[in-house]
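For reference, the structure is listed below as structure tokens.
What follows draws every value from the coordinates through simple rules; no lab data is involved. Computed from a predicted model, the values in this text were never measured in an experiment. Note that we place each Cβ from the backbone using ideal geometry, even for glycine, and neighbour counts take in every protein chain shown.
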Amino acid sequence: MSSQDPHDPHTQIESLDPNSISSNRKTITILYFASAFTCTSKHRETLVLPTSPTPFSLPMLSRLLADTYIGMKEILESSAWSVNEEMVPEDEVDKVILRGDEVVAVIPPVSGG
């Protein structure tokens, strides 16, 4: 992981293992809404996908974010995901593989009235 401050709005998470990044860097964009934005102080950031372990799954991204941001684990436990503007059904999350160029959104529950 990057040694930069994860709450710096200019921080880009590099990967699970910075030594695994090759010159052919595949990235994803992560969008944060509501409490996820509050937790990260960012609307978006870029993640360089590691070359190992592959494949890089949505649950692996969840663990990386939970390890990077204090309080994110609890937010992710009740959040939904979207990949390329399509909601990921809860029973399909474990099957989603990120290959690069995706836009992944963390969508916490919304309350209203």
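Here are the numbers for the structure shown:
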| item | result |
| --- | --- |
| Share antiparallel - DSSP beta bridges, the range 55-113, percent rounded to 5 | 100 |
| FRET efficiency estimate (nearest 0.05) - Cβ-Cβ, Ser111 to Ser41, R0 22 angstrom | 0.55 |
| Pairs of alpha carbons in the range 54-113 whose separation is greater than 16 Å (percent) | 44 |
| Ranked by how many other beta carbons lie within 10 Å on average, peptides 43-53, 78-88 from highest | 43-53, 78-88 |
